[in-house]
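The values are calculated or read from the model by the stated rules, or taken from the named source; none is laboratory data. If you're wondering where the values come from, they're calculated on a predicted model, not measured in any experiment. Because the Cβ atoms are built from the backbone with ideal geometry, glycine has one as well, and the counts that use them run over all protein chains shown.
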Amino acid sequence: MWDGTLFFMKYGNNMCTYCVFLCGFVLLAFSIEITYTLSMNNEKNTKRKYSFFKDGAYNIRRTISLDPAAHSAMEVLLLYPHIKAIGLYRIAHWFWLRNHTFIARWFSNWARHWTGIEIHPGATIGKGLVIDHGMGVVIGETTIIGDDCQLYHGVTLGGTGAVHVKRHPTLEDGVYVGAGAKCLGNITLGRNSKVGANSVVLKDVPVNATAVGMPARIIIK
Ligand SMILES: CC(C)(COP(=O)(O)OP(=O)(O)OC[C@H]1O[C@@H](n2cnc3c(N)ncnc32)[C@H](O)[C@@H]1OP(=O)(O)O)[C@@H](O)C(=O)NCCC(=O)NCCS
């Protein structure tokens with residue numbers, strides 16, 4: 001008679017176990033991709049096509065092109081914190097949109113412990129967001145981030161006020177925020193604008209402009 005315990009004691013450590021884990025992982029990956037892609041693309045008002053893994057691959061390519069310290073796609077995938085944080089955010093956001101707020105916050109909390117990047121599951125984030133170094137980044141609930149933005153460690157996209165309305169910044173496409181900068185309130189950082197390291201931005205930044213200092217002033221338009 002087949003004895004499951006004996007079987008696992010004998011073969012538990014061999015390739016078979018790894019194959020089972022690999023198949024499980026591939027199945028999980030497929031289910032995430034299919035569920036995420038189908039349901040996000042069915043959301044109302046979506047302008048772009050979503051794909052969990054295509055977005056991840058795009059982000060890895062963008063990270064390599066932006067960071068001279070990155071040597072390979074594998075290195076970025078396994079060792080760069082924003083790839084994990086954004087992947088977990090995408091899952092958390094999926095739950096958030098379906099009103100499973102507790103599990104959404106749980107994923108977000110897990111990502112924070114793992115990477116030091118805290119992204120609220122309610123935030124809206126486009127593709128290609130690179131968060132270099134990662135540690136100490138906070139992205140609040142009503143933040144909107146366009147495509148191809150870049151943040152450094154210590155950046156806060158924070159809220160002002162305790163009323164449950166849009167109270168966090170909107171970053172249009174291609175915005176760059178230097179290390180330690182704080183952008184606070186319902187302000188808009190225009191397309192391709194830059195924020196200097198350690199600046200505190202409290203007002204809108206025009207398209208293509210650069211803001212530095214505390215409080216930030218516009219230096220280049
Ligand atoms: C804001 C930034 C993008 C501007 O770069 P730039 O367009 O090349 O501008 P410059 O360096 O020529 O500086 C222009 C002016 O802004 C000032 N300035 C630049 N960065 C500043 C900052 N973070 N805080 C205050 N003033 C700043 C400069 O002193 C200079 O002032 P001046 O004209 O009176 O001499 C850049 O300075 C910056 O802060 N980048 C962030 C980099 C970062 O966070 N790296 C982390 C790596 S781990």
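Among the residues of region 1-27, just one is modelled with pLDDT of 70 or more and not in a helix (DSSP H, G or I), namely 3. Of all the residues in region 199-217, those that are surrounded by 16 or more Cβ atoms within 10 Å (Cβ to Cβ) and within 12 Å of the ligand (Cβ to nearest atom) number 9.
Taking every residue in region 187-212 that is farther than 17 Å from residue 139 by Cα and pairing it with any residue that is more than 15 Å from the ligand (Cβ to nearest atom) and among the basic types (Lys, Arg), at least 6 positions away or on another chain, the pairs with Cβ-Cβ distances below 6 Å are 207/191.
One residue stands out among those in region 158-193 that are part of a loop (DSSP other than H, G, I, E, B) and among the aliphatic types (A, V, I, L, M): the one that is nearest to the chain's Cα centre (by Cα), which is 175. Return a yes/no flag: does region 129-137 have any residue that is outside any loop (DSSP other than H, G, I, E, B) and away from the ligand (no atom under 16 Å from the Cβ). Scanning region 129-137 turns up no residue that is outside any loop (DSSP other than H, G, I, E, B) and away from the ligand (no atom under 16 Å from the Cβ). Quick check on region 75-96. Is at least one of its residues without any contact (Cβ under 8 Å) to a residue 24 or more places away in the chain, farther than 28 Å from residue 39 by Cα and surrounded by 14 or more Cβ atoms within 10 Å (Cβ to Cβ)? There is at least one residue in region 75-96 that is without any contact (Cβ under 8 Å) to a residue 24 or more places away in the chain, farther than 28 Å from residue 39 by Cα and surrounded by 14 or more Cβ atoms within 10 Å (Cβ to Cβ). A count restricted to region 179-198 and to residues that are surrounded by fewer than 21 Cβ atoms within 10 Å (Cβ to Cβ), under 15 Å from residue 149 (Cβ atoms) and within 15 Å of the ligand (Cβ to nearest atom) stands at 3. Only one of the numbered conditions (1) under 23 Å from residue 80 (Cβ atoms); (2) crowded, with 19+ Cβ neighbours inside 10 Å; (3) away from the ligand (no atom under 15 Å from the Cβ) is violated by residue 173, and that is (2).
Within region 139-155, at least one residue is farther than 21 Å from residue 97 by Cα, more than 10 Å from the ligand (Cβ to nearest atom) and within 18 Å of the chain's Cα centre (by Cα).
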